[in-house]
1. Go through the stretch 87-98 residue by residue and tally those that are touching a strand residue (DSSP E or B) at 6+ places or on another chain (Cβ under 7 Å), at pLDDT below 95 and surrounded by fewer than 18 Cβ atoms within 10 Å (Cβ to Cβ).
2. Which condition number in (1) of a type outside the set (G, A, S); (2) surrounded by fewer than 15 Cβ atoms within 10 Å (Cβ to Cβ); (3) assigned to a loop (DSSP other than H, G, I, E, B) is the one that D112 fails?
3. Of the conditions (1) farther than 22 Å from D253 by Cβ; (2) within 15 Å of the chain's Cα centre (by Cα); (3) open to solvent by 40 Å² or more (accessible area, probe 1.4 Å); (4) small (G, A, S), A213 fails just one. Which one is it?
4. If the Cβ limit is 6 Å and pairs must be 6+ apart or interchain, which residue in the stretch 38-56 that is charged (D, E, K, R) pairs with which residue that is modelled with pLDDT of 60 or more?
5. Output the residue which, of all residues in the stretch 186-210 that are on the phi < 0 side of the Ramachandran plot and not in a strand (DSSP E or B), is nearest to the chain's Cα centre (by Cα).
6. Among the listed residues G113, G149, G143, identify the single one that is over 15 Å from the mean Cα position of the chain (by Cα), modelled with pLDDT under 95 and more than 28 Å from D252 (Cβ to Cβ).
7. Kindly check whether there is at least one residue in the stretch 76-86 that is under 29 Å from K155 (Cβ atoms), open to solvent by 40 Å² or more (accessible area, probe 1.4 Å) and part of a strand (DSSP E or B).
8. So, in the stretch 151-170, how many residues would count as being open to solvent by 40 Å² or more (accessible area, probe 1.4 Å) and either part of a loop (DSSP other than H, G, I, E, B) or touching a residue at least 12 places away in the same chain (Cβ under 8 Å) (or both)?
Amino acid sequence: MKKRLAASLFAILCPLVLFGGCALNGNNRARTEYVHTYEADGKIFFCDVKSVFGGDADRLSYDPQSGALALETGTAVDYADPAVLNGNTFPLYTFEASEGYEGLTEKLTALDGREDPLVQAYALKADDGSAYGFCNLYSSTTGFFAGGGQCDVKKIVKSVLFAYSPETDELKILDEMDKCCVVAFNGTHYVYFYERDYYLQEIEKSTAIKLCADGAYDTGLTNYSYAEFYFNKEYCIFKFHRGYSNYKREYDDFLLYRMNGEKLAELRIPSNFD
């Protein structure tokens, strides 16, 4: 009975996937997070908010002398998270806004212009209390699961870079990019996805620097791979998890760049499975 049920489900999904242009999952490029940086013992350490760099490891270290990048465990470092807005309007998700920045959510979703907007945004607090960030707009969702659809970079329409004043509730558009998905923005320079590659560009400048290819872009039906992005004023980190149906082949690639386009280091490690 179970074999018949599985065969029936496969028979239903396959025509939808193959002939309807649909996939079970999409290439989500909305996993962005601020990363805290500090120096100790001649190294530069990077700590993310959730400490999810790699299993039990809670920080990345970079040795400027040797050029080595490594995952390490250590004492947790407390710091204030400068993110004032994070989230999206896709099914089963929402926006989380800090107190005083609630009005930013409404203004960003209004950029879509539709009754049911599909946007993803991330914003950081500036020293003067204002906020700056990016908003990615999508045409539609991908997949049959996750409440009816998931975020997929193939559906990107455009990205908007903005500044926001909580005192006046004013949103200022700094720049726009068609068919691009921004993954990091430090107030002057931004990193974006375009046609399976990542580029760095300065606001209102036409020249872009190619950084790297998307090492986690998945063309399969199930999308075992995924990408995460960590950044601050000076650095940007790519984490590309390459997944396979045979989990023993899986690995993580970490790429460290300065926000001027300079590549500093790369680290590849097998995924840890017991």
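1. 2
2. Status for D112: all satisfied but (2).
3. Result: A213 passes all but (1).
4. K43/S61; K43/D63; D48/E33; D48/V35; D48/Y230; D56/T73
5. So the residue we want is N186.
6. Result: G113 is the single residue among G113, G149, G143 that is over 15 Å from the mean Cα position of the chain (by Cα), modelled with pLDDT under 95 and more than 28 Å from D252 (Cβ to Cβ).
7. Yes.
8. Count: 8.
The values are calculated or read from the model by the stated rules, or taken from the named source; none is laboratory data. Remember, predicted model here, so these are calculated numbers, not experimental data. Neighbour counts are summed over all protein chains in view; Cβ atoms, including those assigned to glycine, are modelled from backbone coordinates with ideal geometry. All accessible areas refer to the heavy atoms of the entire protein, side chains included, with ligands and DNA or RNA removed. Shrake-Rupley method; radii C 1.70, N 1.55, O 1.52, S 1.80 Å.
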